[in-house]
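The values are calculated or read from the model by the stated rules, or taken from the named source; none is laboratory data. The structure presented is a predicted model; accordingly, all values stated were derived computationally and were not measured. As a convention, Cβ positions derive from the backbone with ideal geometry for all residues, glycine included, and neighbour counts pool all protein chains shown. Just the protein is used for accessible areas: all its heavy atoms, side chains included, with ligands, DNA and RNA removed. Shrake-Rupley method; radii C 1.70, N 1.55, O 1.52, S 1.80 Å.
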Amino acid sequence: MPEGHTLHALAGRVDAAFAGTAVRFSSPQGRFAGSAAALDGARVEGAEAHGKHLAIRVEGARVVHVHLGLFGRFSVRRHRRVDRGEAPTDLPLTGQVRLRMVNRTHVGDLRGPIVCELVTDDGWEEVRSGLGADPLREERLPDAVLARLARSRRAVGAVLMDQGLVAGVGNVYRAELLHRHGLDPHTPAREVPQRVVHELWDDLVRLMPLGVRTGRILVADDDVERARTLLADGGTGRVRPAYAVYRRHGRTCPRCGGTVVKETMAGRNLFWCPGCQR
Ligand SMILES: [Zn+2]
């Protein structure tokens, strides 16, 4: 499943392509046809993400709320139809496109989302109110989340994936972060010292923007440093990430030499090292 940084990067692409322009909305596949017709020709104001949710703001206090789920894809690309004197609505189409957005320069095709709905501004705020704190939106861990963690008997490995508490963290960040901090994923959240909770949060605030910029989940200090250097030189920063535990079950932990294991937690595969995560 795409993690939060993917959605924030997507929001950035949608924003760059469509914000401030009149957009043709359609639903070639048909399942968003009524809403697309209502939006067709309206001006897009911008796009934002919260956790794994995307909001495309459209004039008239309207929002297209999208959640990609496991298999959804939203491709945004440049086209030259208008430059060639053609109608932008005649762009070729492949697959089941739930939502198509077209303006003079770009086309966006959304396929296979679990949510694609037209809501009001208030409706989007309601969605957001059910979501946890997003490290890409808030630099400081909100007191309310801290308080809930301090009460929770649930495993820290499960609460990190609870989108109602922390929004946007997925399987890779979870595994690598817990390893970085030497935390056993089964530790009840309330037994994790507040100092460590703040360190986990600060790590997410520091690391996830790099994920947005590079499209890669980079956690290891060496990877982070190399990506930063590449970005500073004008590159994409696309370092091949070296993970300590993610998908490394049966292999040796780079820190303690123990064997990395895999188990299921919060419905997803969890990778960790019993040797040094205590
Ligand atoms: Zn280890």
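Values computed for the structure shown
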| quantity | calculated |
| --- | --- |
| Potential lengthening between V115 and N269 on full extension [0.36 nm per residue; Cα-Cα distance subtracted] | 53.0 nm |
| Cubic angstrom per residue, convex hull over Cα atoms of the chain | 141 Å³ |
| Cleavage-rule hits (chymotrypsin sites (Phe, Trp or Tyr not before Pro)) in the range 11-86: DSSP loop, at most 11 neighbouring Cβ within 10 angstrom | F71 |
| Listed residues A17, A232, A150, most fluctuating in the chain (Gaussian network, C-alpha, under 10 Å) | A232 |
| Inter-probe distance in nm under a simple model that places probes 7 Å from Cα toward Cβ, at L146 and E125 | 2.6 nm |
| Percent accessible area from carbon and sulfur atoms, the range 4-129, protein chains only, probe 1.4 Å | 48 percent |
| Theoretical FRET efficiency, 1/(1+(r/R0)^6), r = Cβ-Cβ of L230 and R255, R0 35 Å, to 0.05 | 0.85 |
| Rounded Å value of the spacing that divides the Cα centres of the range 81-142 and the range 253-271 | 35 Å |
| Accessible area in square angstrom per residue, the range 143-215, 1.4 angstrom probe | 39 Å² |
| Helix-only mean residue ellipticity at 222 nm for the chain, each DSSP H run of n ≥ 4 adding -39500 (n - 2.57), per residue, nearest 500 | -9500 deg cm²/dmol |
| Share of carbon and sulfur in the accessible heavy-atom surface of the range 143-272 [1.4 Å probe, %] | 47 percent |
| Heavy-atom SASA rank of K262, K52 (probe 1.4 Å, accessible area, largest first) | K262, K52 |
| GNM top mover of A133, A22, A167 - the chain, alpha-carbon springs below 10 Å | A22 |
| Summed side-chain charge close to N171 - residues other than N171 whose Cβ falls under 9 Å, Lys, Arg +1, Asp, Glu -1 | +1 |
| Difference of contour (0.36 nm per residue) and Cα-Cα distance, R206 to T94 | 36.5 nm |
| Full-extension gain in nm, D222 to T21, via 0.36 nm per residue minus C-alpha separation | 68.2 nm |
| Residue with peak Gaussian network fluctuation, the chain [Cα springs, cutoff 10 Å], from L146, L178, L210 | L146 |
